[in-house]
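Trainee: Let me begin by handing over the structure; questions about it come next.
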Amino acid sequence: VMFETYCGTMLGLLEHAEVRPEIVYGKPERKTVDHFVISPEAVVLVEEKSARPTRATRLGEPAGDDDTANKLGNAYDQIERTAQMIRDGHPAVASIPSDRPLIGLVVTLEPFHLVNTDLFYGDVLRKPSIPTTIASSHELEGAVASLRGAPDVGRRLLDALGTKGPGGARISDACDGLADAPNPLLDEAWERFSQPLSDLAAAIDP
């Protein structure tokens, strides 16, 4: 839950897109993806997983494939279910626009390198029926900082994540042509963290 909240706060930096939280529906209770990023050009279905790659995955060993498929496959399944609900006109998601392209985005706590490439993971992961990209939290932090004030953020996300080249889609591609920008949430967090150290240093050496 904490990671979902963190990612939702990051997504909330986007000034020209509306970010909505997950929708709870049905009995027994079920949930959609964690966040919807809505723009005139597209709707991004975002599922967050506080997942870390195992040692086997980091070393590129075959034993890591099952763990990766389990952790990220669940996120893919959630995106697919929510996309199907929107296409079917399910009443639980009636407030989510169904007249524009759908894109999937999985955000992980740590990076799963090369996971977006078919060469290495094409036969490992069950892909949703909509274009879906996996990005680490670090990638998300950098992307939203640059995209924060972009009026065409929806078009940028659609162009970057809606198609996939041989090397896989990357959320950073949505920032092409934009200047690098600091992330205000990270700057604020660093200020809070470092202030006690600054106060201590000033007290020792006024």
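The values are calculated or read from the model by the stated rules, or taken from the named source; none is laboratory data. As the structure is a prediction and not an experimental result, all values here were calculated from the model. Because the Cβ atoms are built from the backbone with ideal geometry, glycine has one as well, and the counts that use them run over all protein chains shown. The protein model used for the area step is the full one, side chains on, heavy atoms only, and it has no ligands, DNA or RNA in it. Shrake-Rupley method; radii C 1.70, N 1.55, O 1.52, S 1.80 Å.
Trainee: Leaving out ligands and nucleic acids, note down the accessible area per residue over the chain with a 1.4 angstrom probe, in whole Å².
Mentor: Per residue, the chain has an accessible area of 54 Å².
Trainee: Tell me, how many Å apart are the Cα centres for the range 86-139 and for the range 14-82?
Mentor: 7 Å
Trainee: With charges set only on the Cβ (+1 for Lys and Arg, -1 for Asp and Glu), what does the dipole of the range 99-147 come to about its Cα centre, in debye to the nearest 20?
Mentor: 160 debye
Trainee: A further question on this structure: Under 18 Å Cα to Cα from Lys71, which aspartates and glutamates show up? Leave out anything in the same chain fewer than 8 places away.
Mentor: Glu4, Asp34, Glu47, Glu48, Glu61, Glu80, Glu110, Asp118, Asp123
Trainee: Next question, about the same structure. Going by alpha carbons, how many degrees (0 to 90, nearest 10) lie between the helix axis of 184-204 and the longest principal axis of the chain?
Mentor: 20 degrees
Trainee: Could I ask something else about it? Once the piece of chain linking Val1 and Asp88 is laid out straight, how much longer is it, given 0.36 nm per residue of separation minus the C-alpha distance between them? Intermediate results must be reported in sequence, preceding the final value.
Mentor: Working: separation 87, 0.36 × 87 = 31.32 nm, distance 2.81 nm.
Additional length available on full extension: 28.5 nm.
Trainee: Compare the peptides 54-63, 98-107 by average per-residue count of other Cβ atoms within 10 angstrom and give them in order, highest first.
Mentor: Listed from highest to lowest mean packing, they are 98-107, 54-63.
Trainee: Could you work out the relative contact order of the chain? I mean the mean sequence separation of Cα pairs under 8 Å and 6+ apart, divided by the number of residues, in percent. Working shown, then result.
Mentor: Values: 339 pairs, mean separation 43.7, N = 206.
Averaging sequence separation for qualifying contacts and normalising by length gives 21 percent for the chain.
Trainee: Where Lys and Arg each count +1 and Asp and Glu each count -1, what net charge lies around Ser146 among other residues with Cβ under 14 Å from its Cβ?
Mentor: Values: positive: Arg148, Arg156, Arg170; negative: Glu15, Glu139, Glu141, Asp152, Asp173, Asp176, Asp180.
Summing Lys/Arg as +1 and Asp/Glu as -1 gives -4.
Trainee: On the protein heavy atoms, probe 1.4 angstrom, tell me the percent of accessible surface of the chain carried by carbon and sulfur.
Mentor: Working: 6050 of 11110 Å².
Ligands and nucleic acids excluded, carbon and sulfur give 54 percent.
Trainee: Can you work out ³J(HN,Hα) from phi for every residue in the range 31-36, in order, using Karplus 6.51 cos²θ - 1.76 cosθ + 1.60 and θ = phi - 60°, giving whole Hz and x for Gly and Pro?
Mentor: Each residue of the range 31-36 in turn: 9, 7, 4, 5, 8, 10 Hz.
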